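These notes concern the structure reproduced below.
The values are calculated or read from the model by the stated rules, or taken from the named source; none is laboratory data. Just so we're clear, the structure is a prediction, and the values are computed from it rather than from any experiment. In this analysis, Cβ positions are derived from the backbone assuming ideal geometry, glycine residues included, and neighbour counts consider all displayed protein chains. Note: accessible area is taken over every heavy atom of the protein model, side chains too, but ligands, DNA and RNA are not part of it. Shrake-Rupley method; radii C 1.70, N 1.55, O 1.52, S 1.80 Å.
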Amino acid sequence: MNRNHINLLVCLDALLTERSVTRAAQKLEMSQPGMSNALSRLRQLTGDPLLVRTPQGFRLTERSEALTEKVRASLALVDEIFGNEAPLDPQQAAGSVTIAAPDSVGISLMPALVGALAATAPQVKLDIRLPDAERLRDWLVEGECDMAVGHYPDLASDLRCTELFTQSLSCIRSRRAQAAGPLELQDYLEATHVVFGSPFSPRSTMGTTVEEALGALGHSRRRMVRVSSLPPIAHIVAASTHLATLPSWMAMHYAAFLPIEVHPLPFDVQPVRCRMVWHDRTHRLGLQAFVREQVRAVAQALADPASPTPGSLLRDGVLR
């Protein structure tokens, strides 16, 4: 296989994934005519149209459906063979890394990571997206993301992971609410709650942890509002009688400028563990390994008492 064939294989993977010449070209930062030429060449080599236009858009042919997994496996093998040909020079390294991370990690960890990469690997592009915990393995295997950072309690056995820190949880309540004093379990159960649900699932892994702890006591929360992003939750609570459960550091962060109170949860919940997760597909790639080391370094730096908020809230490996 010569270099041109490898380039065509990369184009084929993008076309099969995106099912669109335009989106495939954007994904690989190519011109649309360049991607159209690649598709024409691929059609000649395979003897198959590969993509067929329909009223609903392009669809894959039977041949291209059958080729999808073979193409991804071939590219993974190429990456494994050539991924570490020479030591990585971060200043000269170029490429894109996609990280799936929830808002809590995006706010606490990603600003420092972006700063670290800007200083050490200025040509590396970082794409941050919300995760789908139920399809995390598929995403990592298929290349929808290169790594994930967050609370993932149930991981497939073939995924690699490292622990970064744990996050304690707290409850927030508006200062304008009529209730005053400590938050009791009965208060928590009788109140209505704002909860987080991602675009992919109505319940987050953090929410599942809370529900399981309550369920063990024979209780559940009364959900009134569900949002697909964490930051609006505190603002909604501040303007209503709803409660919400957030990572403690985030609750204290919003309490600094919103009229909300922060209370310990009136029942026992294990702190949620933040992990970095990846697959063998990217394990040996120099750029990926470098970014993973940067993530570890940023997480460790948050434990430094001199680090700024929210880093100053991380003590003994717990983001409080």
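Among the listed residues Ala251, Ala244, identify the single one that is outside any helix (DSSP H, G or I) and out of contact with any Gly (no Cβ under 7 Å at 6 or more places or on another chain). Let's see the steps before the verdict.
Working: Ala251 fails: outside any helix (DSSP H, G or I).
Result: Ala244 is the single residue among Ala251, Ala244 that is outside any helix (DSSP H, G or I) and out of contact with any Gly (no Cβ under 7 Å at 6 or more places or on another chain).
Check the range 212-224 and report whether any residue there is open to solvent by less than 60 Å² (accessible area, probe 1.4 Å), out of contact with any Leu (no Cβ under 7 Å at 6 or more places or on another chain) and at pLDDT below 85. Working first, answer last.
First, pick out the residues of the range 212-224 that are open to solvent by less than 60 Å² (accessible area, probe 1.4 Å): 213-215, 221.
This time we only want the ones that are out of contact with any Leu (no Cβ under 7 Å at 6 or more places or on another chain), so: 213-215.
Now narrow it down to the ones that are at pLDDT below 85: none.
No, there is no match, as no residue in the range 212-224 is open to solvent by less than 60 Å² (accessible area, probe 1.4 Å), out of contact with any Leu (no Cβ under 7 Å at 6 or more places or on another chain) and at pLDDT below 85.
What is the one condition in (1) touching a Phe, Trp or Tyr at 6+ places or on another chain (Cβ under 8 Å); (2) modelled with pLDDT of 90 or more that Ala101 does not satisfy?
Status for Ala101: all satisfied but (1).
How many of the residues in the range 279-288 are open to solvent by less than 20 Å² (accessible area, probe 1.4 Å) and at pLDDT 90 or above?
1
Give Cys171, Cys145 a once-over and let me know the one that is over 30 Å from Thr282 (Cα atoms) and either within 16 Å of the chain's Cα centre (by Cα) or among the hydrophobic types (A, V, I, L, M, F, W, C) (or both). Walk me through it before giving the result.
Details: Cys145 fails: over 30 Å from Thr282 (Cα atoms).
Every option except Cys171 fails the conditions.
Would it be correct to say that Ala148 is at negative phi and surrounded by fewer than 21 Cβ atoms within 10 Å (Cβ to Cβ)?
Working: at negative phi: yes; surrounded by fewer than 21 Cβ atoms within 10 Å (Cβ to Cβ): no.
Answer is no for this residue.
I need every pair where a residue in the range 154-166 that is more than 19 Å from Arg296 (Cα to Cα) has its Cβ under 8 Å from the Cβ of a residue that is assigned to a strand (DSSP E or B) and of a type outside the set (Ser, Thr, Tyr), sequence separation at least 6 or different chains.
Note: pairs meeting the criteria are Leu155/Cys161; Leu155/Arg275; Leu155/Val277.
Go through Met276, Met250 for me and flag whichever is buried (at least 19 other Cβ atoms within 10 Å of the Cβ), of a type in the set (A, V, I, L, M, F, W, C), at pLDDT 90 or above and closer than 30 Å to Leu88 by Cα. Before the answer, list the steps.
Values: Met250 fails: closer than 30 Å to Leu88 by Cα.
Testing whether each residue is buried (at least 19 other Cβ atoms within 10 Å of the Cβ), of a type in the set (A, V, I, L, M, F, W, C), at pLDDT 90 or above and closer than 30 Å to Leu88 by Cα leaves just Met276.
Residues checked against (1) in contact (Cβ under 8 Å) with a residue 12 or more places away in the chain; (2) within 17 Å of the chain's Cα centre (by Cα); (3) not in a helix (DSSP H, G or I):
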residue: Val225; (1), (2), (3): yes, no, yes
residue: Ser229; (1), (2), (3): yes, yes, yes
residue: His263; (1), (2), (3): yes, no, yes
residue: Leu287; (1), (2), (3): yes, no, no
residue: Gln294; (1), (2), (3): yes, yes, no
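So Asp268 fits all but one of (1) modelled with pLDDT of 90 or more; (2) touching a strand residue (DSSP E or B) at 6+ places or on another chain (Cβ under 6 Å); what number is the exception?
Single failed check for Asp268: (2).
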